[in-house]
Amino acid sequence: MKKLMITIFSIAVFLYGCGDRKEMMRLIDSPPEISISKLNVTLGKEVITDSVRFYDSPSFFYNTKLLLSDKYKNIWKLNYNVSKGNAKVYYDGKDLNLTSIRVDLDEILLSVSPKSKGNISVDFIVEDRFSNSKQATLNLFVFDNLIPIAVVSAKKLGQNSPLEYTIDGAASYDQDANFNGAVVGYIFNIEGKSIQTTNPTINYIFPTQGTYNIELKVIDNNGAISNPTIYKLNVN
């Protein structure tokens, strides 16, 4: 009986000691660190914001990188949450909902595939064994197609007539040029005449001296037409 009491007491002391050690570890533990960056950027941030063009087919993938660290190597798990919009996250080519991530890595490469236009936010939360956590967030603005911008100018040419001018729309541009957008057509409107061409410049002979309004609209490779731009030209 006496031996039994001693054994029970020893187990209680041991368990209490284990609890104390765990509590002590929890108190001295530092939370894990997490940051996010573009794939080719070395330094990460807690929040990054970017814009991408929406592609329904084939799907578009925004490649990103998570940077993880923990002073005591206590990282336990990594979760994610699409808190705004609609997107899927892939790890090693697999849907992150269907696979697990190795959290012992310093860098984790992920791909985010937007499934809707507008604002998308994806939160990544790293947690250690003592329930300390840290979050990094990717914000994406997903757009369909931005209309091009028409820019027009004119200068005197005077080869075939003293009133001959070159009308130039070459400075026009597509707002989503970084996503393969391009200006492919030009619609000049002079004296009520509409001249549509794929050439950014035209030569035009005015009938008399005076002030003329030159209107230009441009077309991008998705068929979107810009708002008109008006250029006032003094012909003399």
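The values are calculated or read from the model by the stated rules, or taken from the named source; none is laboratory data. Just so it is clear, the model here is predicted, and its values are computed rather than measured. Ideal geometry is used to build each Cβ from the backbone, glycine not excepted, and the neighbour counts take in all protein chains shown. Surface accessibility is based on the protein's heavy atoms, side chains included, excluding ligands, DNA and RNA. Shrake-Rupley method; radii C 1.70, N 1.55, O 1.52, S 1.80 Å.
Here's the yes/no breakdown for (1) modelled with pLDDT of 95 or more; (2) open to solvent by 70 Å² or more (accessible area, probe 1.4 Å); (3) β-branched (Val, Ile, Thr); (4) farther than 14 Å from THR166 by Cα:
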site	(1), (2), (3), (4)
PHE188	yes, no, no, no
ASN199	yes, yes, no, no
ILE202	yes, no, yes, no
PHE206	yes, no, no, no
TYR212	yes, no, no, no
ASN227	yes, yes, no, yes
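If I ask for residues that are closer than 15 Å to LEU138 by Cβ and either of a type in the set (S, T, N, Q) or open to solvent by 80 Å² or more (accessible area, probe 1.4 Å) (or both), which ones from the stretch 117-127 would you list?
If the condition is that a residue be closer than 15 Å to LEU138 by Cβ and either of a type in the set (S, T, N, Q) or open to solvent by 80 Å² or more (accessible area, probe 1.4 Å) (or both), then ASN119, SER121 are the ones that fit.
Testing PHE141 on (1) in a strand (DSSP E or B); (2) in contact with a Phe, Trp or Tyr (Cβ under 9 Å, 6 or more places away or on another chain); (3) among the hydrophobic types (A, V, I, L, M, F, W, C); (4) open to solvent by 30 Å² or more (accessible area, probe 1.4 Å), one condition comes back false. Which one is that?
So the condition that PHE141 fails would be (2).
Can you name every residue in the stretch 33-83 that is in contact (Cβ under 8 Å) with a residue 40 or more places away in the chain, open to solvent by 30 Å² or more (accessible area, probe 1.4 Å) and of a type in the set (D, E, K, R)?
Hits for the stretch 33-83 are GLU33, LYS45, GLU46, ASP50, LYS71, LYS77.
Looking only at the stretch 65-87, filter to residues that are in a strand (DSSP E or B) and hydroxyl-bearing (Ser, Thr, Tyr); which one of those is nearest to the chain's Cα centre (by Cα)? Reasoning before the result, please.
To start, the set of residues in the stretch 65-87 that are in a strand (DSSP E or B) comprises 65-69, 75-84, 87.
Pick out the ones that are also hydroxyl-bearing (Ser, Thr, Tyr) and you get 69, 80, 83.
Numbers: SER69: 25, TYR80: 18, SER83: 16 Å.
Checking each candidate, the answer is SER83.
Please work out which residue is nearest to the chain's Cα centre (by Cα), limiting yourself to the stretch 126-138 and to residues that are over 24 Å from PHE60 (Cα atoms) and assigned to a strand (DSSP E or B). First the steps, then the outcome.
In the first step, residues of the stretch 126-138 are kept if they are over 24 Å from PHE60 (Cα atoms); the result is 126-135.
Add one more test, that the residue is assigned to a strand (DSSP E or B), and what stays is 126-128, 133-135.
Numbers: VAL126: 22, GLU127: 26, ASP128: 29, SER133: 25, LYS134: 22, GLN135: 19 Å.
The residue in question is GLN135.
Here are some conditions: (1) at pLDDT below 95; (2) open to solvent by less than 80 Å² (accessible area, probe 1.4 Å). ASN178 meets all but one. Which one does it not meet?
Unmet condition: (2).
Step by step: first the residues of the stretch 91-116, then only those that are assigned to a strand (DSSP E or B) and of a type in the set (Asp, Glu), then the one that is least open to solvent (accessible area, probe 1.4 Å). Which residue is that?
Here is the first cut: in the stretch 91-116, the residues assigned to a strand (DSSP E or B) are 91, 94-95, 107-114.
Subset that is of a type in the set (Asp, Glu): 95, 107.
Numbers: ASP95: 29, GLU107: 100 Å².
Among those that are assigned to a strand (DSSP E or B) and of a type in the set (Asp, Glu), it is ASP95.
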